[in-house]
Amino acid sequence: MKWDTVAIVGVGLIGGSLGLALRQRRLARRVVGVGRRPSSLRRAREAGAVDATTTRLERGVGDADVVVVCTPVSRIADQVRKAAAHCRRDCLLTDAGSTKRLIVERLSDLGGDGPVFVGSHPLAGSEQSGVASARADLFQGRVCVMTPTPRTPRGAQDRVRALWEAVGAEVVVMTPQAHDRALAFTSHLPHLVAVALASTLPEGYEKLVATGMRDTTRIASGDPELWVDIFEQNREKLLEGLKAFDKELAQLRRALESQDNKVLHRLLAQAKQSRDRLG
């Protein structure tokens with residue numbers, strides 16, 4: 001599938017990578033970047049992520065076949081709704097947010113005779129941000145979760161699937177609620193734990209840090225503003241994950257305090273098996 005015009009709202013790491021993939025694979029005749037800061041949009045043009053840019057949302061989405069909103073999650077619903085008011089009636093709207101339930105609920109009325117919104121989330125981010133870190137192959141071999149509702153037209157679902165598959169992703173369908181619970185355990189809790197671990201490092205120990213500390217805290221370098229939004233929107237499921245983590249940590253603490261090496265070995269072996277299954 002090829003598109004005439006794709007508008008990307010928020011041309012950072014994810015939006016910029018999508019633009020690069022679309023342009024390098026010649027999947028769109030024109031890619032338009034929409035943003036708030038002219039300097040960021042200029043960098044997107046210089047990086048080759050977009051053909052044209054604008055700070056005016058209504059101008060950027062007016063001729064689009066597809067609009068992909070890649071802003072922080074707290075702004076996605078508002079940006080999609082504003083775009084829907086200015087794009088064509090047959091335009092497809094989707095996003096790349098790492099939380100889904102609140103976004104999908106707030107946009108549940110979009111569809112019918114007007115533009116249709118289908119939630120999506122490519123699992124392809126990193127601790128880096130900005131279009132300077134964008135890569136055309138970012139989505140290659142990665143999973144993209146699509147979160148339609150019972151009201152979502154099948155044709156719109158097929159079009160969103162085609163978009164992400166065209167840039168190399170494997171599309172998996174989940175409910176917004178199931179997505180948020182899964183991501184709480186697989187993404188949001190790991191980030192929270194990495195933040196806590198990084199914060200425990202005493203000052204002056206930096207020269208003694210080897211790969212273990214660096215690997216396990218890498219994601220703590222992520223944008224704090226972006227992660228505050230994610231934690232807030234998925235607070236309930238994240239707290240559920242944190243409760244499970246506290247339980248595991250308590251078992252390790254008790255084994256250490258009681259010098260029970262047998263239990264400690266069992267816990268370490270279970271963790272090794274779980275990690276090894278990830279490949």
> Taking the range 173-210 as the search range and keeping residues that are polar (S, T, N, Q) and farther than 30 Å from A28 by Cα, which one is surrounded by the most Cβ atoms within 10 Å (Cβ to Cβ)?
Replying inline: S187
> Residues of the range 111-126 being surrounded by fewer than 16 Cβ atoms within 10 Å (Cβ to Cβ) and on the phi > 0 side of the Ramachandran plot, which ones?
Replying inline: G112
> Out of all the residues in the range 164-186, which are out of contact with any Ser or Thr (no Cβ under 7 Å at 6 or more places or on another chain) and assigned to a helix (DSSP H, G or I)?
Replying inline: E165, A166, Q177, A178, R181, A182, A184, F185, T186
>> I need the strands (runs of 3 or more DSSP E) fully contained in the range 1-78, keeping only those with at least 3 residues that are in contact with a helix residue (DSSP H, G or I) (Cβ under 7 Å, 6 or more places away or on another chain) and of a type outside the set (G, A, S).
In response: 3-9, 28-34, 66-69
> For residues in the range 53-74 being without any contact (Cβ under 8 Å) to a residue 40 or more places away in the chain and crowded, with 16+ Cβ neighbours inside 10 Å, which is nearest to the chain's Cα centre (by Cα)?
Replying inline: T54
> Any chance the range 199-211 includes a residue that's among the aromatic types (F, W, Y) and touching a residue at least 40 places away in the same chain (Cβ under 8 Å)?
Replying inline: no
>> Is it the case, given these coordinates, that W227 is closer than 17 Å to A96 by Cα, outside the structural domain of D65 (by TED's automatic domain parsing), among the aromatic types (F, W, Y) and at pLDDT 95 or above?
In response: yes
> Within the range 149-160, can one find any residue that is at pLDDT below 95, farther than 18 Å from V69 by Cβ and touching a strand residue (DSSP E or B) at 6+ places or on another chain (Cβ under 8 Å)?
Replying inline: yes
>> Restricting to the range 28-37, count the residues that are surrounded by fewer than 18 Cβ atoms within 10 Å (Cβ to Cβ) and either within 22 Å of the chain's Cα centre (by Cα) or within 26 Å of W227 (Cβ to Cβ) (or both).
In response: 2
>> Could you check the range 127-172 and list, in sequence order, the residues that are within 24 Å of D109 (Cβ to Cβ), exposed (fewer than 15 other Cβ atoms within 10 Å of the Cβ) and either under 14 Å from the mean Cα position of the chain (by Cα) or of a type outside the set (D, E, K, R) (or both)?
In response: P150, P153, G155
>> Which condition from (1) among the acidic types (D, E); (2) part of a strand (DSSP E or B); (3) in contact with a Pro (Cβ under 9 Å, 6 or more places away or on another chain) is the one that D90 breaks?
In response: (2)
> Does the range 105-122 contain any residue that is without any contact (Cβ under 8 Å) to a residue 12 or more places away in the chain, in the same structural domain as Q24 (by TED's automatic domain parsing) and within 16 Å of G155 (Cβ to Cβ)?
Replying inline: yes
> What's the number of the condition V50 fails, among (1) within 25 Å of G114 (Cα to Cα); (2) crowded, with 22+ Cβ neighbours inside 10 Å; (3) without any contact (Cβ under 8 Å) to a residue 60 or more places away in the chain?
Replying inline: (1)
>> Given the criteria in contact (Cβ under 8 Å) with a residue 12 or more places away in the chain and either in the same structural domain as G97 (by TED's automatic domain parsing) or part of a loop (DSSP other than H, G, I, E, B) (or both), does S126 qualify?
In response: yes
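The values are calculated or read from the model by the stated rules, or taken from the named source; none is laboratory data. Please read all numbers here as calculations on a predicted model, not as lab measurements. Note that we place each Cβ from the backbone using ideal geometry, even for glycine, and neighbour counts take in every protein chain shown.
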